[in-house]
Every structure is written in C-alpha cells, then in structure tokens.
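Step one of this worksheet: look at the structure below.
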Amino acid sequence: MRKRYDEADARIRAPRSKPRRSKDRPDYSSLAVATVITVDRGRITSILDNGQIVMAMKARELGKNAIVVGDLIKLDGDLSGAPGTLARAVEVEPRRNVLSRTIDDTGAQEKVVAANVDQLLIVVAAANPQPRHGFVDRCLAVAFDQGIKPILVITKSDLANPVGFIADYELLDIDIFKSALPRENRSESSKSEEINKLIGALKGKRSVLIGHSGVGKSTLVNAITESSLRSTGDVNEATGRGRHTSSSAYAFEIPGSGWIIDTPGVRSFGLEHIDRNRIIGSFEELARLIVKCPKNCSHDEAGCALNGASESGAKRRISGLRRILAASER
C-alpha cells in the first residue's frame, strides 16, 4: 500500500542567508568540577571539592546523555549554592566505570545506575525476602565486567542461618559480611561492632549498594552514616517482595571518609550489555586452563579445558565462574 503524504512530511530547507554553524566549540577546561550526589526530576544536586552543594540543570548541548550519581560534571553559572540559584552542567568527564543494568521490557535498553565507583555492595537478606543466587551472580557479573570490587552483605541473619548460601561464594575472593544490619533486639555494643567492621571496608572508597526491595539497604545506610536520612519499609506478606522506599539513587558521605550510594530496589536485572571476556579475565588463576580451551568455548561443555582442574578449590572457583557466565546469558 502506497503511503499518502501530507504537509507534515515536507521539509523546509534553511535559507542560504542563514549563517553557517561554527565548528568552534566552547572551552570548559577552566570550569569547576563537581560530583553528582543525586538526580531528581531533571534537577542535579552536586558537591564541589570545597564541600559547597550546588543545584544544577543539564545543558541542552549534552543531548539525551543521562547524568547519574557519581558523575564528575563541569559547572557553569552561579556556583554559590544560594537558595533559588541554578548552575548549568555543561560537560560530563569520562567515566572510570559504570554500574548499569539492561531493562528487559524496553528493548534491551541499558540503564546506568551510578558511575565512578570503587566497590559494589550486594545486599541480600537471609530471609524475608529469601536470598537468590541468580541475583547475586548477575551483580557479580557486572562487578567483574567493570573492575569494581564486589562485597556481599547478608542482612537479617537472626531470622535464618545464611551459612549454606554463603558457602557458594567463599572461594570467589569477595569480602562477605553477615549480620551487618542492626536489629531492634540487639544490644548497642553488638550493633556498633558489626557496623564498624563494614565501615572499615568502606573507608576512603565510593561504594554503591544494590539489592531487592525489603532487604534493608536504607536501614544499612542509616546505620553507616549514623543518621536517619533514608526512610525504611517492610516486606509485603502476600507477595514476599519488599516495598520501594527509595525512588532515586543518592550518595551520602560516610563520617570520616568515603561515600555510600543507596539505590532503589531492583526487580529486573538484565545483562545483555555485559562483556563475557572481561568476566572470564577477572579469574586470572584460571587463565592457564582457559588458553587451552577450543575456539569459541562456552566454558561449560564437554571439551572445555576447565574440566581438567583437579584441585577442589579450583573446581569451586570454576563452578562459580560458570554460574556467573550462565547468569549473564539470562
């Protein structure tokens, strides 16, 4: 069927008298650099090196490129931070890494959650809601792909014993903290001891939390920052899922040093954007076996050289690698 054209299809050529667009671009090299703390409904909250909080909006020339928590941005305009003032974010510095996920229901679109982070805190509850290996494996795939140090945090361990769950990750060279979430039935001394161990791992680092709703991320942030900045929720008894209490990612300064980024609870975590070779490359001690694999080996087939590993520790590492690779394909 032939298309019927109307006046909306007509394109008007710009008049020759219109001045040509200059090839010269603005020089932003001398502008102040700020770190993005949060982005909410188009408004960017950032902090300068001197501690000044500045509100900003994205300049049109940045186009549709999203600005996320952790980004380093060049600011132009009013940097006083006075009420009612608004600067312009005119440039985003190159990112060192990104924490991102693929949104499966929108055509495999990659959504960046945070940028320029040192550590990824994967938060799961020992119970209510139940921990899921698939979710942890997917988060590990992102961390290994981007060169981010993964840390596994088990909350609510007074409700169930997480030993069996933790055993699958003990040989993956990741730090594991359990009972890190303060519970009302514990003494103040035990709370401090558990939280202080975790805070010690966060000092001087920029860490981002990720986990399902209801696992206690916001409560954990409040304990680490010694504040009540994040509202907390509970788990829906009918669905077994947590209720969202955080609607946007937000970076909080840890007393002493370091930053912790709380993110909204996730329910889908696609990994179509992940590079499998970078995941495999993070298991350096298996390289001597992997080089012997047949071309285009999936590393989970009969002819895979990894099958020849004899040490029990190596076998468990290989099992973890295969589980993470399988998670990255789902």
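The values are calculated or read from the model by the stated rules, or taken from the named source; none is laboratory data. This is a predicted model, so every value here is computed, not measured. Positions of Cβ are backbone-derived with ideal geometry, glycine not excepted, and every protein chain shown enters the neighbour counts.
State which residue is surrounded by the fewest Cβ atoms within 10 Å (Cβ to Cβ) when the search covers only region 109-140 and only residues that are within 16 Å of the chain's Cα centre (by Cα) and of a type in the set (Lys, Arg).
Of region 109-140, the ones within 16 Å of the chain's Cα centre (by Cα) are 109-124, 135-140.
Keeping just the survivors that are of a type in the set (Lys, Arg) gives 111, 138.
Values: Lys111: 14, Arg138: 23.
Looking at residues that are within 16 Å of the chain's Cα centre (by Cα) and of a type in the set (Lys, Arg), I get Lys111.
Select the strands (runs of 3 or more DSSP E) contained entirely in region 81-173, then report the ones holding at least 1 residues which are without any contact (Cβ under 8 Å) to a residue 60 or more places away in the chain.
Values: elements: 87-92, 98-103, 109-115, 119-125, 149-155.
Correct list: 87-92, 98-103, 109-115, 149-155.
Would you be able to say whether some residue in region 237-248 is modelled with pLDDT of 90 or more, surrounded by 17 or more Cβ atoms within 10 Å (Cβ to Cβ) and not assigned by TED's automatic domain parsing to the domain that holds Ala305? I'd like the intermediate steps shown before the answer.
To start, the set of residues in region 237-248 that are modelled with pLDDT of 90 or more comprises none.
The answer is no, given that none of the residues of region 237-248 is modelled with pLDDT of 90 or more, surrounded by 17 or more Cβ atoms within 10 Å (Cβ to Cβ) and not assigned by TED's automatic domain parsing to the domain that holds Ala305.
Ile261: surrounded by 14 or more Cβ atoms within 10 Å (Cβ to Cβ) and modelled with pLDDT of 90 or more, yes or no?
Yes: the conditions hold for Ile261.
Within region 29-72, track down each residue that is part of a loop (DSSP other than H, G, I, E, B) and at pLDDT below 90.
Taking region 29-72 as the starting set, the residues that turn out to be part of a loop (DSSP other than H, G, I, E, B) are 29-31, 41-42, 49-52, 59, 63-68, 70-71.
Result: Ser29, Arg41, Gly42, Gly63, Lys64, Asn65, Ala66.
Among (1) assigned by TED's automatic domain parsing to the domain that holds Val136; (2) modelled with pLDDT of 70 or more, which single condition is Glu284 missing?
Of (1) assigned by TED's automatic domain parsing to the domain that holds Val136; (2) modelled with pLDDT of 70 or more, only one is false for Glu284: (1).
Which residue out of Leu202, Leu229, Leu181 is under 21 Å from the mean Cα position of the chain (by Cα) and at pLDDT 70 or above? Step through it out loud before you land on a result.
Numbers: Leu229 fails: at pLDDT 70 or above; Leu181 fails: at pLDDT 70 or above.
Criteria check complete, one pass: Leu202.
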